[in-house]
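Novice: Quick one: structure below, then a few questions.
The values are calculated or read from the model by the stated rules, or taken from the named source; none is laboratory data. Note that this is a predicted model, so its numbers are computed, not measured. Ideal geometry is used to build each Cβ from the backbone, glycine not excepted, and the neighbour counts take in all protein chains shown. Note: areas computed on protein heavy atoms with side chains; ligands, DNA, RNA excluded. Shrake-Rupley method; radii C 1.70, N 1.55, O 1.52, S 1.80 Å.
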Amino acid sequence: MKKFISLLMMLMLIYPGMSIAAAVGTETETLVAYEDLPEAHRLRYEAEMASALNNARARAPGQRQLLSQVRGDFNGYTGSKTDRSLEITYRVSDSVVTVGEKVTFQADMTCDTPPMLYTVSGLVFDEQFRKTGELVGQVVHVQVDATSKTITPSYTPNAPGYFCFVLVVSDSAGNMVSLTTNTVQVYEKNRPLFSNMAVDGQLALLMNLDRAKTDLGMVLGADLEITTAADPVQYTAVWTLTDEAGSVLDRAERAGQVSAQTETAKLRLTYQPLMAGKLQLEITASDGDGNHIKTNTPVLTVADGCFCTVSLNADTALTAGSSLTAAYAIHGHLCDATEAWLRWECRAANGEVIARSTQALTECTGQATYTPRVGQEVVCTVGASCAHFPEDVAMRSLALIGGLEVERALTADAVDCGDAIGVVYSVDGGLTPYREIVVRGYACDTASGNTQTFLTRTLTEAQGTVSGSPMRGNKVYFIIDVVEADGHTTAWKTGTAALTGAPGISDSDGLCGDADGNGTVDDRDALLVMQYAADWPVKLHMESADANGNGSVDLADAVAIFAQAGGAGS
């Protein structure tokens, strides 16, 4: 060994610019273009980025982590992942930082079968967890010809919100590891967490506040930890919201008694400001020995904005056909010319919106009533065109019990002119017995915008198949009208099928009695109806052939057509 070191020293004297690391040997790194990555590595990277986007909210640090970070006993995130001989251990330096504070992601990678290929990236989110971009300058694809490698990418956030790192590593043996770090939360420098300790004798109170600034409608929380040597402890907590002039806009008080002698008593206090202004929390507490504490938070700013509250007259479920009332209140600032609305949606089990009703709101407070009848869920949403109004802020949903549902499916995706096409239907729920079920078939011409009815059938069966033969147009669909026991009618539309080989529909098409659809009514139409009534295999325009409008085509229609044509064409 001494001989080796002596030889090494001699080499360094001969080549002064040579370092010990260079003499021993260094790893070789090569940047790889994205399109040159192996397919498996590329697919894993895309999947990990998608997963990071979907799971970012769940990965955000909890409030307890934030509070422990303030107290200085939280040191960041650590973890490890392996795939056989490929192993990664990693550490993220911080979990909560302010804007401009650098966060480092250190990853130690080892394998038995180099070269290793790694990709480093990440995602950036705003305070509402909307993606704002990827970690600029951090998306790299590198090949390393070594059995171990340490990387230390970093990111310095320039806006409040959240971000995470993403790493994918593979080796020549096909081992592969992908990971997304826990989410780091970023605060503005003027929005630190507030923490305060107050002591009187052996009575102590620790207060931690979520943040020192908040938005209208955002719930603000404070955690209290109380200890004493003499129970009981009486406490009073008062939230006071004032305007700029100091006038009280709102006041919320909570008082109670806790035992804190044998262990720390913990309380969670919350307040939801519904007006902009200045907010302060004041705490008073006293114990059995007469020790007394009075403390308060700094004055917090509640930023102007817009927020809506909605309450329903049902909690979790409602019977179809019952009245549902929403009491709403829009708080805060709305821009000029803002349009606000309340929307009801009835949805099927698969999420399909079956029925929708939208009501314009002219007042900031009020009630809206709706009677849901169809589907398995009813959803109430308040929205507004104001830029201050957040999306889906007032969404509420209830299960709908006994709602009417109609399953329907076309018998074909396409049909030739004059051939039969039908709809398979099944009706369930609602107010029974049904008065009637009416199935109508429509052929439309997308060029002219005209539509013809080629089928009308009144039924009483709750399920079955109804068919008809469209003669004109290029698209076909059906509408099923279900009339419930109380007379309420709901229309259900099918999908659309293509109609091929048919002439277009003009404004003159669809004459009453025009059974062959040629635009005129003559004795040929009457003869065609007679043949149909005798069960001949003829094709006719069903809606026009029903000359007397009774919902069926028979000899009475042939007589009516003869009378209308006056013997023309004989």
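Novice: Rounded to the nearest 500, what is the chain's calculated 222 nm mean residue ellipticity when only DSSP H runs of at least 4 contribute -39500 (n - 2.57) each, over all residues? Don't jump to the answer; show the numbers that get you there.
Specialist: On the way: 7 runs with 73 residues, N = 570.
Value at 222 nm, helices only, nearest 500: -4000 deg cm²/dmol.
Novice: Return a whole-number percent for the relative contact order of the chain, with Cα pairs under 8 Å and 6 or more residues apart as the contact set.
Specialist: RCO, the chain: 7 percent.
Novice: At a 1.4 Å probe radius, which order do F307, F454 fall into by accessible area, largest first?
Specialist: Correct descending sequence by accessible area is F307, F454.
Novice: I'd like the projected area of region 120-257, averaged over all directions, using the convex hull of its alpha carbons. Report it in nm² with one decimal. Spell out each step's value before the answer.
Specialist: Working: hull surface 58.9 nm².
Result: a mean projected hull area of 14.7 nm².
Novice: Can you tell me how much longer the chain between D419 and T460 gets when fully stretched, taken as 0.36 nm per residue apart minus their C-alpha distance, in nm with one decimal?
Specialist: On the way: separation 41, 0.36 × 41 = 14.76 nm, distance 2.54 nm.
Here the answer is 12.2 nm.
Novice: Here's a follow-up. Give the dimensionless ratio obtained when the Cα radius of gyration of the chain is divided by 2.2 N^0.38 Å.
Specialist: 1.50
Novice: Here's another thing I want to ask about it. For the cross-link pairs K131/K266; K266/K294; K475/K539, which exceed 28 Å when the distance is taken from alpha carbon to alpha carbon?
Specialist: Result: K131/K266 exceed 28 Å.
Novice: Positive end of the charge dipole of the chain (Lys, Arg +1 and Asp, Glu -1 on Cβ, about the Cα centre): tell me which of L205, A317, A420 has its Cα farthest that way.
Specialist: L205
Novice: Just read off the accessible area of T365 with the full protein assembly in place, 1.4 Å probe, to the nearest 10 Å².
Specialist: 90
Novice: Taking only protein heavy atoms into account and a 1.4 Å probe, give the accessible area per residue of the chain in Å².
Specialist: On the way: 28030 Å² over 570 residues.
Normalised by residue count, the accessible surface of the chain is 49 Å².
Novice: Excluding same-chain residues fewer than 8 positions from K81, which aspartates and glutamates have a Cα within less than 13 Å of its Cα?
Specialist: Qualifying aspartates and glutamates at Cα under 13 Å: D108.
Novice: If you don't mind, another one. Which one, I354, P114, A462, projects farthest toward the positive side of the charge dipole computed for the chain from Cβ point charges (K/R +1, D/E -1)?
Specialist: P114
Novice: Could you put Y532, Y434, Y235 in order of accessible surface area, largest first, with the 1.4 Å probe and the full protein assembly present?
Specialist: From most exposed to least exposed: Y532, Y434, Y235.
Novice: Carbon and sulfur atoms: what percent of the 1.4 Å accessible area of the chain do they account for?
Specialist: 49
Novice: Another question about this same structure. For the chain, what is the charge dipole size about the Cα centre, in debye to the nearest 20, if Lys and Arg each add +1 at the Cβ and Asp and Glu each add -1 at the Cβ?
Specialist: Rounded to the nearest 20 debye, it is 2140 debye.
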